[in-house]
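Engineer: Handing you a structure now.
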Amino acid sequence: MARDTGASSRLPTLELPKKLSVSLGAGHPWVYRDHLQPSALPKRASWVRVRAGGFLGYALYDPVSPIALRIYARDSAPDAAWFRARVEQALSLRLKYRAEDTTAFRLLNGEGDGVPGLVADVYDRYVVLVTYAGAVAELVLPDVARAIDSVLSPLGIVERTRAQKPNGPEDGASGGRLRVVSGAEPPREIETREGGMRLLANLHEGQKTGLFLDHRENRAFVRSLSAGCRVLNLFSYTGAFSISAALGGALGVTSVDIAAEANSAARRNFQANQIDPGAHEFVSRDVFEYLESAKHHEPRFDLTICDPPSFANSRDQLFAALRAYTKVNALGIAATKHGGYYAAASCTAQVSPSAFRELLAEAAARAGVRFQIVHEAGQALDHPQAAGHPEGRYLKFVVGRVLERV
Ligand code: SAH
């Protein structure tokens, strides 16, 4: 029985097309604007009741973002106690899986934790919130921040404001500025720990909220593969995969990133882990150019990691993105020795896991090798997905052996 009492029952009801009842009932929390009748819409960000055939729910209406409605609850409109319950439920998952010595983790993963349009990342004693629509910033963030404050008592909670991206939490890198929501402003750099590794995070200017927390288990996998290897890390950013490889016993790691400041942060990360950056190579160059020029030499790497930025932020860019992924992976595979390993990642939600495997097969064919997949994963355990919301499964991580064609 729905308990629809008090304030919730006084909310206006938006009638949605009946056909949406199937996906909404299965837990897909988004309704795009083109499903709504413009005449019936509220003027401002607000909580509404929605009905689609037999489906009834409570949603946040945003007057600007292409996702006009985000469904939060079935029984009543969320209030402070409801948000606190979501934070506690999310924390219980992290407490179950997070290693003692891991001090940076995602506490709330938007849709996957039942709080659409908002992520909360913990960096030691600070929490960074990012919202994906004005309505979420206005009507959800304050309650979530209060709940996190009372559950975790961090030194500070900040909001990272960002350029709006249409498709939700993982839709590309962030950029943007920090606004203090409560407590203290974080220092420019925070040293975090993860499985015996130290990683410096810049919450003010780093990509995402500071680090790519979603690759945690993938870093551990790379570490387990690296002993005795010459490693190439493409799109290396601040060197998280590079350090994992070095700590795993790599003979040498070459980190390639177009941004010189990413490479200098990577060097400092090496130092923070007592690894001499002088024993490794840092290349500030376009990956495509770097690999094109490497084509003229014998492949020299035993393990290559390729984790490019999202090449597509919308469906329209999908074909160009698939071409770019295929090209960079063909070149990356060609730089890897026969018998070596190749780890390919893609954070583009528009590219499905099966489409990603297909493009890797095509890339291997172009490189003239056999590609034997040995491991496949996605985002870290603190980035859960709602069943019924396939967009939430955005990260692909495929590791294979590069073998001679026979
Ligand atoms: N693998 C990293 C995250 C990669 S983020 C990690 O796990 O931490 C993407 C990185 O790609 C950014 O640092 C950006 O500077 C870099 N980049 C984007 N386009 C590039 C290009 N064409 N060539 C080289 N680096 C590029």
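Engineer: Quote the accessible area belonging to PHE319 in square angstrom, nearest 10, computed with a 1.4 Å probe and with ligands, DNA and RNA left uncounted.
Structural biologist: Looks like 150 Å² after rounding.
Engineer: Would you kindly find the accessible area of ASP307, with a 1.4 Å probe and non-protein molecules such as ligands, DNA and RNA excluded, rounding to the nearest 10 Å²?
Structural biologist: Rounded to the nearest 10, the figure is 20 Å².
Engineer: State whether region 80-187 is rounded, prolate or oblate according to the following rule on the C-alpha gyration tensor (a ≥ b ≥ c being the square roots of its eigenvalues): a/c under 1.5 gives rounded; otherwise a/b larger than b/c gives prolate, and the remaining case gives oblate.
Structural biologist: rounded
Engineer: Tell me the accessible surface of SER226 in square angstrom (1.4 angstrom probe, heavy atoms of protein chains only), to the nearest ten.
Structural biologist: Here the accessible area works out near 0 Å².
Engineer: May I ask for the longest run of the chain untouched by trypsin sites (Lys or Arg not before Pro) that are loop-located per DSSP and have at most 12 neighbouring C-beta atoms (other than their own) within 10 Å? Each step should come with its number before you reach the end.
Structural biologist: Numbers: sites that count: ARG3, LYS18, LYS19, LYS43, ARG44, ARG188, LYS295, ARG405.
By the stated rule (loop sites, at most 12 other Cβ atoms within 10 Å), 45-187.
Engineer: Per residue, how large is the accessible surface of the chain? Use a 1.4 angstrom probe and give square angstrom.
Structural biologist: On the way: 17380 Å² over 406 residues.
Here the per-residue accessible area is 43 Å².
Engineer: Let me ask something else about it. For the chain, would you read off the P(r) tail past 26 Å as a percentage of all alpha carbon pairs?
Structural biologist: Of the Cα pairs, 55 percent sit more than 26 Å apart.
Engineer: I've got another one for you. Could you tell me what percent of the accessible area of region 212-404 is made up of carbon and sulfur, with a 1.4 Å probe and every protein chain present?
Structural biologist: 52 percent
Engineer: Right, something else. Efficiency by 1/(1 + (r/R0)^6): what FRET value for ASP101 and ARG51, r their Cβ-Cβ distance, R0 = 56 Å, to the nearest 0.05?
Structural biologist: After rounding to 0.05, the efficiency reads 0.70.
Engineer: Now for a separate question. If you take the square roots of the eigenvalues of the alpha-carbon gyration tensor of region 257-406 and sort them as a ≥ b ≥ c, do you get rounded (a/c under 1.5), prolate (a/b over b/c) or oblate?
Structural biologist: Note, shape of region 257-406 comes out oblate.
Engineer: So what are the ³J(HN,Hα) numbers for region 370-387, from phi and the Karplus equation (6.51, -1.76, 1.60; θ = phi - 60°), rounded to whole Hz, Gly and Pro as x?
Structural biologist: 9, 10, 10, 6, 10, 7, 9, 8, x, 7, 4, 5, 8, 10, x, 10, 7, 4
Engineer: Sticking with this one: Given points 7 Å out from each Cα along the Cα-Cβ axis, report the ALA361 to ALA81 separation in nanometres with one decimal.
Structural biologist: 5.4 nm
Engineer: In addition: Using the Cα atoms as the points, what is the convex hull volume per residue of region 303-390 in Å³? Intermediate values should be presented prior to the final figure.
Structural biologist: Working: hull volume 9.2 nm³, N = 88.
So the per-residue hull volume is 104 Å³.
Engineer: Rounded to whole Hz and in sequence order, give me ³J(HN,Hα) for region 183-195 from the Karplus expression 6.51 cos²θ - 1.76 cosθ + 1.60, θ = phi - 60°, writing x for Gly and Pro.
Structural biologist: Those phi angles translate into x, 9, 6, x, x, 4, 9, 10, 8, 10, 10, 8, x Hz.
Engineer: Rounded to the nearest 500, what is the 222 nm mean residue ellipticity of the chain from helices alone, with -39500 (n - 2.57) per DSSP H run of 4+ residues and division by all residues?
Structural biologist: -8500 deg cm²/dmol
The values are calculated or read from the model by the stated rules, or taken from the named source; none is laboratory data. Remember, it's a predicted structure, so these values are computed and weren't measured experimentally. All Cβ positions, glycine included, derive from the backbone under ideal geometry; neighbour counts span all protein chains shown. Quick note on the areas: whole protein, heavy atoms, side chains included, nothing else; ligands and nucleic acids left out. Shrake-Rupley method; radii C 1.70, N 1.55, O 1.52, S 1.80 Å.
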